[in-house]
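A.B. asks: Structure below; questions to follow.
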Amino acid sequence: IIMAVLIGVNLTDVTTDGVPAFTVGSIYQDDDGKQFKYFLFNNGAGDVASIAGDFGYYYAVSGAGAAANSGTCTMDRTDSAGIGAGVFQAIIADGQYGWLQVTGEATLTQALTAGVDGNALTSVGAGADGAIDVSGAVTDAVCAFAYDASAKIVKLCCPL
């Protein structure tokens, strides 16, 4: 595994010209051990805008297999691969680039649709765009665990 040190990372910076500032898929780790991944944002067929603090999903209109290591994310559940990509650090416009937190403790904007502390969480479920739900099947891709469900705090474990 080759690790590179990223210089000049500001997790709330997003591109405004459609040109990535870093390599898509780059991983940045902060001093607290949280990891962040650099993505291209696609608002999907439903034209769902990103919201800082909401959950993003790997983008794959043709299903989960198409997005295994994709560098594109969406907040449109209907265009997702059913795999949680991470938590938006800023508002990213369609076709622009920015950071999602993929590991470590995070506070979500939306409340969990159900569950209690310790529950496994997934992007699969009946929740709103940008939300995660309690995992109900062994086939659900787990992307987080409820740490303090009432305070919307989770421990992220999104696939890199």
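A.B. asks: Just the residues that are of a type in the set (S, T, Y) and surrounded by fewer than 16 Cβ atoms within 10 Å (Cβ to Cβ), please, taken from segment 6-26.
C.D. replies: T12, T16, T23
A.B. asks: Still on this structure, I have one more. Any chance segment 88-95 includes a residue that's touching a residue at least 40 places away in the same chain (Cβ under 8 Å), on the phi > 0 side of the Ramachandran plot and surrounded by fewer than 16 Cβ atoms within 10 Å (Cβ to Cβ)?
C.D. replies: Looking through segment 88-95, at least one residue is touching a residue at least 40 places away in the same chain (Cβ under 8 Å), on the phi > 0 side of the Ramachandran plot and surrounded by fewer than 16 Cβ atoms within 10 Å (Cβ to Cβ).
A.B. asks: Then there is this: Quick one: would you say L156 is among the hydrophobic types (A, V, I, L, M, F, W, C), surrounded by 19 or more Cβ atoms within 10 Å (Cβ to Cβ) and either within 12 Å of I83 (Cα to Cα) or in contact (Cβ under 8 Å) with a residue 60 or more places away in the chain (or both)?
C.D. replies: yes
A.B. asks: Scan segment 76-109 for residues that are hydroxyl-bearing (S, T, Y) and not in a strand (DSSP E or B) and report the count.
C.D. replies: 2
A.B. asks: Is one or more of the residues making up segment 27-48 open to solvent by 20 Å² or more (accessible area, probe 1.4 Å), of a type in the set (S, T, Y), at pLDDT below 90 and over 17 Å from C143 (Cα atoms)?
C.D. replies: Looking for residues that are open to solvent by 20 Å² or more (accessible area, probe 1.4 Å), of a type in the set (S, T, Y), at pLDDT below 90 and over 17 Å from C143 (Cα atoms), one finds none in segment 27-48, hence no.
A.B. asks: Look through L112, L160 and report the one residue that is assigned to a loop (DSSP other than H, G, I, E, B) and over 25 Å from I27 (Cβ atoms).
C.D. replies: Of L112, L160, the one residue that is assigned to a loop (DSSP other than H, G, I, E, B) and over 25 Å from I27 (Cβ atoms) is L112.
A.B. asks: Against the condition of a type in the set (A, V, I, L, M), open to solvent by 40 Å² or more (accessible area, probe 1.4 Å) and modelled with pLDDT of 95 or more, how does A52 come out, does it pass?
C.D. replies: Details: of a type in the set (A, V, I, L, M): yes; open to solvent by 40 Å² or more (accessible area, probe 1.4 Å): yes; modelled with pLDDT of 95 or more: yes.
Spelling it out, A52 is indeed of a type in the set (A, V, I, L, M), open to solvent by 40 Å² or more (accessible area, probe 1.4 Å) and modelled with pLDDT of 95 or more.
A.B. asks: Provide a single number: the residues in segment 121-153 that are open to solvent by less than 50 Å² (accessible area, probe 1.4 Å) and either within 12 Å of G84 (Cα to Cα) or assigned to a loop (DSSP other than H, G, I, E, B) (or both).
C.D. replies: So the count comes out to 15.
A.B. asks: Another question, then. Do the conditions hold for A106, that is, is it in contact with a strand residue (DSSP E or B) (Cβ under 9 Å, 6 or more places away or on another chain), open to solvent by less than 50 Å² (accessible area, probe 1.4 Å) and under 12 Å from F145 (Cα atoms)?
C.D. replies: The answer is yes for A106.
A.B. asks: Take the residues in segment 102-139 that are over 22 Å from Q35 (Cα atoms) and of a type in the set (V, I, T), then tell me which one is nearest to the chain's Cα centre (by Cα).
C.D. replies: Per the stated criteria, the residue is V124.
A.B. asks: Which numbered condition trips up Y57, out of (1) out of contact with any Lys or Arg (no Cβ under 9 Å at 6 or more places or on another chain); (2) at pLDDT 90 or above?
C.D. replies: If we test Y57 against (1) out of contact with any Lys or Arg (no Cβ under 9 Å at 6 or more places or on another chain); (2) at pLDDT 90 or above, just (1) comes out false.
The values are calculated or read from the model by the stated rules, or taken from the named source; none is laboratory data. In this text the structure is predicted, and so the values were computed from the model without any measurement. No Cβ is skipped: glycine too gets one built from the backbone with ideal geometry, and neighbour counts run over all protein chains shown. Only protein heavy atoms, including side chains, enter the accessible area calculation; ligands, DNA and RNA are left aside. Shrake-Rupley method; radii C 1.70, N 1.55, O 1.52, S 1.80 Å.
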